[in-house]
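The values are calculated or read from the model by the stated rules, or taken from the named source; none is laboratory data. Not measured: the values here are computed from a predicted model. Using ideal geometry, Cβ is built from the backbone for each residue, glycine included, and neighbour counts are taken over all protein chains shown. Note: accessible area is taken over every heavy atom of the protein model, side chains too, but ligands, DNA and RNA are not part of it. Shrake-Rupley method; radii C 1.70, N 1.55, O 1.52, S 1.80 Å.
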Amino acid sequence: RNNFRGQRISSTTGGAITGNHGHIIIRDYPMSQQESSSEAYRKRCHNFNDKTLPTRKKDKLNVPTYTIMQRLNADDTTGHELEKEGKKIHHIILPAKIGGKVKAKPESAESIYKDGYLLG
């Protein structure tokens, strides 16, 4: 909580979030590398992201959902979201090293690289 009536509520994928509604939803690494190899876990994660998280938005149409993660599997959280037709997604790709066929997207992100490497 802060003195501007704001607060942060944290939960794990599939964790209890009943009764909490946010102005922004941030998924930070919704699955681990080990979990991503399990089809059953991926389905559980997709179900939580598709059915539970949207019900926790203050305004269902205007609350953004951000996902920050390393790609782990073609059917990981990012892959699952990108497969949805008609969903408005702004996908940003920041590879650790750019060069050859590997590029940062959007191209304006290339300014955060030095000698081809992502700056920390």
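See the values below:
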| read-out | value |
| --- | --- |
| Residue among Leu94, His46, Leu72 farthest towards the positive dipole end of the chain, charges placed on Cβ | His46 |
| Cα pair count fraction exceeding 20 Å, expressed as % - the chain | 53 percent |
| Shape category assigned to the range 38-80 from the gyration tensor of Cα positions, a/c cut at 1.5 | oblate |
| The chain - percent of accessible surface contributed by carbon and sulfur, probe 1.4 Å | 50 percent |
| Simple spin-label estimate for Asn2 and Ala74 in nanometres, 7 Å along Cα-Cβ | 4.2 nm |
| The chain, accessible area per residue, ligands and nucleic acids excluded (1.4 Å, Å²) | 77 Å² |
| Over the chain, relative contact order from alpha-carbon pairs under 8 Å, at least 6 apart, % | 22 percent |
| Accessible area (Å², 1.4 Å probe, nearest 10) - His23 | 130 Å² |
